[in-house]
Amino acid sequence: MEKFKVIIVEDVPLELRGTEGIIRNDIPEAEVIGTASNEAEYWRLLKQGLPDLVLLDLGLGGSTTVGVEICRSTKEMHPQVRVLIFTGETLNEKLWVDVLDAGTDGIILKTGEMLTRRDVMAVMEGKQLVFNEPILRQIVERFKRSVGSQLAKQEALVSYEIDEYDERFLRHLALGYTKEQITQLRGMPFGVKSLEKRQAELMKKLFPDGNGGMGVNATRLVVRALELSIIDIDNLEPDEA
């Protein structure tokens, strides 16, 4: 492969030396044309000459949002420049989502296999969304849980004879809506009395043997719906009013 230019953005000197060592020993095609430890240094470097690849740490000066904004601005101004995240933020999944939305070409976590020639070459060859093994494991586990949750929900809807309106009713109760507010939702053709009747029917379906002699209010009904996967706590989104 032809040689390409790299800027490394990293604020920890020891980690910077390690990254430079990886590039020098494993990726001879890469020419490091500059390094930056903060946002100001990075933009000064960019004015001197565009790289083909920015190897970007996210946690700069204790801030994770700086790295995300560097990625977003770089991709907006210079979409041809590849941005590969190389970060020690191994648990902050929200941060990964933010930087993916910002247009990164991939995320490499500083754990396990770390940075490899294979991953860098994949980015330079135009492959979208390059991840190393540690982040792939977490993505796969989250995917498996998501699929399992969806299957459990489908089975529960069938087993307890829950229709579309039951699910919407329970979901909005979980979100704190009153019955009066739920009647105002688009496509919800019920008045308050109809919803009260529907709630009573749901109590019978979800508590066929009663509730240990205790009464069942709306809160207990919602908790039971969550326990049975009829509604998903990770996907409680309101419908349009």
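The values are calculated or read from the model by the stated rules, or taken from the named source; none is laboratory data. None of the values given here were measured: they were computed from a predicted structure. For neighbour counting, all protein chains shown are included, and Cβ atoms are generated from backbone atoms with ideal geometry for every residue, glycine included. Just the protein is used for accessible areas: all its heavy atoms, side chains included, with ligands, DNA and RNA removed. Shrake-Rupley method; radii C 1.70, N 1.55, O 1.52, S 1.80 Å.
Please report, in whole Å³, the volume per residue of the convex hull around the C-alpha atoms of the stretch 83-133.
Values: hull volume 3.2 nm³, N = 51.
Cα convex hull per residue, to the nearest whole number: 63 Å³.
Rolling a 1.4 Å sphere over the protein heavy atoms, what is the accessible area per residue of the stretch 68-201, to the nearest Å²?
Details: 7270 Å² over 134 residues.
Normalised by residue count, the accessible surface of the stretch 68-201 is 54 Å².
Return the inverse of the average 1/r over all pairs of distinct C-alpha atoms in the stretch 179-241, which is the Kirkwood hydrodynamic radius, in Å to one decimal. If you can, show how the numbers build up before the last one.
Values: mean 1/r = 0.0770 Å⁻¹.
It is 13.0 Å.
Using modelled amide H (1.01 Å from N, peptide plane; none on Pro or chain starts), what sits under 5 Å from the amide H of VAL83, excluding residues fewer than 5 places away?
Amide H to amide H, under 5 Å and 5 or more residues apart or across chains, VAL83 pairs with VAL54, ASP105.
Add +1 for every Lys or Arg and -1 for every Asp or Glu among the other residues with Cβ under 13 Å from the Cβ of GLY88, and state the total.
Details: positive: LYS110; negative: GLU10, ASP11, GLU15, ASP57, GLU89.
Local charge sum for GLY88: -4.
How large is the Kirkwood hydrodynamic radius of the stretch 45-132, in angstrom, based on all distinct alpha carbon pairs? Intermediate results must be reported in sequence, preceding the final value.
On the way: mean 1/r = 0.0770 Å⁻¹.
One decimal place: 13.0 Å for the Kirkwood radius.
So what is the calculated 222 nm ellipticity per residue for the chain, using -39500 (n - 2.57) for each DSSP H run with n of 4 or more, over all residues, to the nearest 500 deg cm²/dmol? Walk me through the intermediate numbers first.
Values: 10 runs with 122 residues, N = 241.
Rounded to the nearest 500, the figure is -16000 deg cm²/dmol.
Given a 1.4 Å probe and every protein chain left where it sits, what share in percent of the accessible area of the chain is carbon and sulfur? Please list the in-between numbers first.
On the way: 6810 of 13230 Å².
Of all accessible area on the chain, carbon and sulfur atoms account for 51 percent.
What is the stretch 6-142's relative contact order, in percent, from Cα pairs under 8 angstrom and six or more apart in sequence? The partial results should precede the final answer.
Working: 216 pairs, mean separation 26.9, N = 137.
20 percent.
How do GLU167, GLU141 rank by accessible surface area computed with a 1.4 Å probe, from largest to smallest? Don't jump to the answer; show the numbers that get you there.
On the way: GLU167 25, GLU141 85 Å².
The ordering from most to least exposed comes out as GLU141, GLU167.
Magnitude of the Cβ-charge dipole of the stretch 1-151, K/R +1 and D/E -1, about the Cα centre, nearest 20 debye?
Working: 18 positive and 24 negative charges, 57 e Å.
In debye, rounded to 20, the stretch 1-151 gives about 280.
Using a 1.4 angstrom probe with every protein chain in place, what is the largest-first accessible-area order of HIS78, HIS172? The partial results should precede the final answer.
Working: HIS78 45, HIS172 0 Å².
The residues order as HIS78, HIS172, largest area first.
Past the 31 angstrom mark, what percentage of all C-alpha to C-alpha distances in the chain do you count?
Working: 13193 of 28920 pairs.
Here the long-distance tail beyond 31 Å is 46 percent of all Cα pairs in the chain.
Using a Gaussian network model on the chain with a 10 Å cutoff between Cα atoms, which of VAL32, VAL66, VAL158 fluctuates the most?
Comparing VAL32, VAL66, VAL158 in the GNM, the peak value goes to VAL158.
If you add up the charges near LEU206, with Lys and Arg at +1 and Asp and Glu at -1, over every other residue whose beta carbon is less than 11 angstrom from its beta carbon, what do you get?
Working: positive: LYS204, LYS205, ARG220, ARG224; negative: GLU161, ASP166, GLU201, ASP209, GLU227.
Counting the neighbours of LEU206, the net charge comes to -1.
Find the Cα radius of gyration of the stretch 25-80, compare it with 2.2 N^0.38 Å by division, and give the number to two decimals.
Values: Rg = 11.7 Å, N = 56, 2.2 N^0.38 = 10.2 Å.
Scaled against compact globular proteins, the figure is 1.16.
By accessible area of protein heavy atoms, probe 1.4 Å, what ranking do GLU196, GLU39, GLU161 get, highest first?
Largest to smallest exposure gives the sequence GLU161, GLU196, GLU39.
Given the pairs LYS94/LYS179; LYS3/LYS94; LYS75/LYS144; LYS144/LYS204; LYS179/LYS205, which are separated by over 24 angstrom at their Cα positions? Could the numbers behind the result be given before it?
Details: LYS94/LYS179 33 Å; LYS3/LYS94 34 Å; LYS75/LYS144 31 Å; LYS144/LYS204 32 Å; LYS179/LYS205 19 Å.
Correct reply: LYS94/LYS179; LYS3/LYS94; LYS75/LYS144; LYS144/LYS204.
Report the antiparallel proportion of the DSSP beta bridges in the chain as a percent, rounded to a multiple of 5.
Details: 1 of 21 bridges.
That works out to approximately 5 percent antiparallel.
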